[in-house]
Amino acid sequence: MPIIEVKDLVRDYTITSGLVRRNKKTINAVRGISFSVERGEIFGLLGQNGAGKTTTIKMLITMLAPTSGTCKVLGYNTFGQEKMIRDKVNFIFGGEYGLYRRLSARDNLKYFANLYKVPLDTRDKYIDELLEMVGLSDRADTRVETFSKGMTQRVQIARGLINNPEVLFLDEPTVGLDPLGAETLRGIVKEANKRGTTILLTTHNMYEADELCNRIAIIKDGVFLDLDTPANIKARSDTKTTLEITLTKNPLNIATISGVSHVASSEKDGLTSLRVSCQSDNAISQVLAVIEPTTIKSFKNEVATLEDAYIQLVKGASE
Amino acid sequence: MNSKSVVITSMILQMKQTFARNMFKYCMFIAPILSTIILGEMYRYAPQENFIAFVVLGSGLWNLWGAIAFSSAGDINRERYSNTLSMIFSAPVDFRLIWLGKIFGNTILSICSFFISVIFAMVLYRIPVQVYSWGLLTLAFALTIVSFIVISIFIAYLLTLSRRTTLFMNCLEFPFILICGFAFPVELLPNPIMYLSFIFPPTWAVKLLRSSIVADAPDYMHILVWLLATTIGFILLSSLLYKTIFRQVKIAGTLDMA
């Protein structure tokens, strides 16, 4: 039996505007998505802001009612059977909110341990272990409001693990974290997964998704564009090679070359940086021919990444 | 983990959080003094019986109401903005126990503001302590606290339904002070508003407190029955509405600001 089971899930929001004449508008945040997650899996939801990722997570953690469709966690409906789910799951939202900022990290964890019915005899020891794991043992008794963004996020992670959940939902957990902090978080996620926790993760960080997730769903405007393993998604991408080039002058006509699927360019310190997605060896040769007259400062070619596949899918859906 | 533990830890957390807020310190220490002066000047030439009933008790109740109900409503807003409302709502323990603990926390702190008002009024206007029955006054005060807690819970539940909490909580504070007779007898209100005021337990709580300080405690039992009836009525109403409200909260998605 899948740990998470979602079928034809729909969620609409009604928003009102206008002071005198109230205008109602319906926003279709999630439009009939279906997927399932098996025990022990790390499942990724990728998408732009407003794609429907957070709304999906909110329905899964019993915070929001679906408009229609099936939304089950551990075999129970997330709307109507919340009591059967809540002590076995937990969630972490990215950002600095979701904690009592005038309390210390330890007091926050003690309070949430109480709300998650953590036995009193093991609570304090477990909190010490969590604080050690997120590297906050020496600041455990300091008010959260004095913490940096990264430290606050680490308290959130400890809070999310307070009940040793069977399923952990992470909504952009590395937002605002420095590279070292993000790496620590990825380590914690892997460790929790190794201990048997099933994880559903949303992120904008493609490297993170590629490294952590067994399967990924790419969502846009509330609809799945693709759902598969990262390797299969990359393999399906038209992009075979990505060239990263730094030049002294921007050759404007690269995007028109047949076989070039995407060009991203940026200017800094008089130099032009290009990221060119090529679909064939012929396209690579033509790109090299075009840039030959300019001075090449650096050049790197790599096989297609998840980011290339993601951009292609999302841009393709927009067109 | 038992219910008592959830209530107590929520209460302690609330007191720590609340006392750290400068606005609450103002509500607790400064506002009682200001409201006592306003009422004291209004009733400066009133008979002493009215002065005790409407200045000493009135300012105390004004601040007690402000601190319990207004803070509890404000907490819904604060928790919604800090994204902790959705956290505690989605926790395995009953949300009602968590919120009861928070209101208890506010109540304990708010009782201080009541006594600051009372003591300040008595010292500033040199009012002698004259109470018909300390026993009846103590009972009335305890029931007043209970009635304020009950109505605060009811308001807090309703405020989870909308994100426009700030507007509603500001609309709630003064109308209750006016229609529940904190500052003047409800009998002075137009009839429809007077009858409306009889629905709310604080109206009867105020009457009961006043009855216990004047000679012979007229109508004490009659008022007590009405206070108990309206309080029980609001407890039943809150219990009946709880499931509907929190089902609607999940449908409308009003627990956070996103």
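The values are calculated or read from the model by the stated rules, or taken from the named source; none is laboratory data. Everything numeric in this text was worked out from a predicted model, so none of it was measured. Using ideal geometry, Cβ is built from the backbone for each residue, glycine included, and neighbour counts are taken over all protein chains shown. Just the protein is used for accessible areas: all its heavy atoms, side chains included, with ligands, DNA and RNA removed. Shrake-Rupley method; radii C 1.70, N 1.55, O 1.52, S 1.80 Å.
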**Study point:** Stokes-Einstein translational diffusion, segment A:67-165 - Kirkwood Rh over all Cα pairs, 0.692 mPa s, 37 °C, in µm²/s
**Key:** 229 µm²/s
Exercise for review: Two decimals is fine: what is log10 I(q)/I(0) at q = 0.19 Å⁻¹ for segment A:238-303, from a Debye sum with one equal scatterer on every Cα and no solvent?
Suggested key: -0.63
Practice item. With an 8 Å cut-off on Cα pairs and a minimum separation of 6 or more residues, tell me the relative contact order of chain B in percent. Key: 26 percent
Study note, to complete from the structure: Pairs over 25 Å Cα to Cα, from A:Lys83/A:Lys194; A:Lys83/B:Lys16; B:Lys16/B:Lys243; A:Lys88/A:Lys125; A:Lys88/A:Lys190, come to A:Lys83/A:Lys194; A:Lys83/B:Lys16; B:Lys16/B:Lys243
**Study point:** Carbon + sulfur, % of accessible area of the protein assembly as shown - ligands and nucleic acids excluded, 1.4 Å
**Key:** 58 percent
Revision key, fill the gap. Relative to chain A, whose Cα atoms define the longest principal axis, helix A:281-291 and its Cα axis are tilted in degrees, nearest 10, by 70 degrees
Check your understanding: Among all helices in chain B defined by DSSP H, which have a length of 20 Å or more along the axis from Cα atoms plus a Kyte-Doolittle mean of at least 0.0?
Key -> B:3-19, B:95-124, B:134-159, B:165-179, B:220-252
Review point. Taking the Cα atoms only, what angle lies between the long axis of helix A:179-194 and the longest principal axis of chain A, rounded to 10 degrees?
Key: 60 degrees
Point to revise | Extension gain (nm, one decimal) between A:Ser258 and A:Asp138, 0.36 nm per residue minus Cα-Cα | key: 37.4 nm
Revision key, fill the gap. Given pairs A:Lys7/A:Lys58; A:Lys24/A:Lys220; A:Lys7/A:Lys110; A:Lys58/A:Lys220 and cut-off 26 Å on Cα-Cα distance, the over-length ones are A:Lys7/A:Lys110
Study note, to complete from the structure: Log entry, pair B-A: total buried accessible area, probe 1.4 Å, protein chains only, in Å² rounded to 100, is 2900 Å²
Exercise for review: Round to the nearest 10 and give me the degree value, 0 to 90, for the angle of helix A:105-115's Cα axis relative to the longest principal axis of chain A.
Suggested key: 60 degrees
Exercise for review: Treating only the Cβ atoms of Lys and Arg (+1) and Asp and Glu (-1) as charged, compute the dipole magnitude of segment A:4-235 about its Cα centre; round to the nearest 20 debye.
Suggested key: 940 debye
Check your understanding: Stretch B:Phe19-B:Thr244 to full length: gain in nm at 0.36 nm per residue minus the Cα-Cα span?
Key -> 77.7 nm
Exercise for review: Tell me which residues come under 5 Å, amide H to amide H, from A:Leu170 once H is placed; ignore anything under 5 positions away on its chain.
Suggested key: A:Ile92, A:Leu200, A:Leu201, A:Thr202
Point to revise | For segment A:4-235, diffusion coefficient by Stokes-Einstein and Kirkwood Rh (Cα), 37 °C, 0.692 mPa s, µm²/s | key: 178 µm²/s
**Study point:** Cβ charges +1 (Lys, Arg) and -1 (Asp, Glu), total dipole of chain B, debye
**Key:** 760 debye
Review point. Of the peptides B:9-18, A:153-162, how do they stack up when ordered by the mean number of other Cβ atoms within 10 Å, highest first?
Key: A:153-162, B:9-18
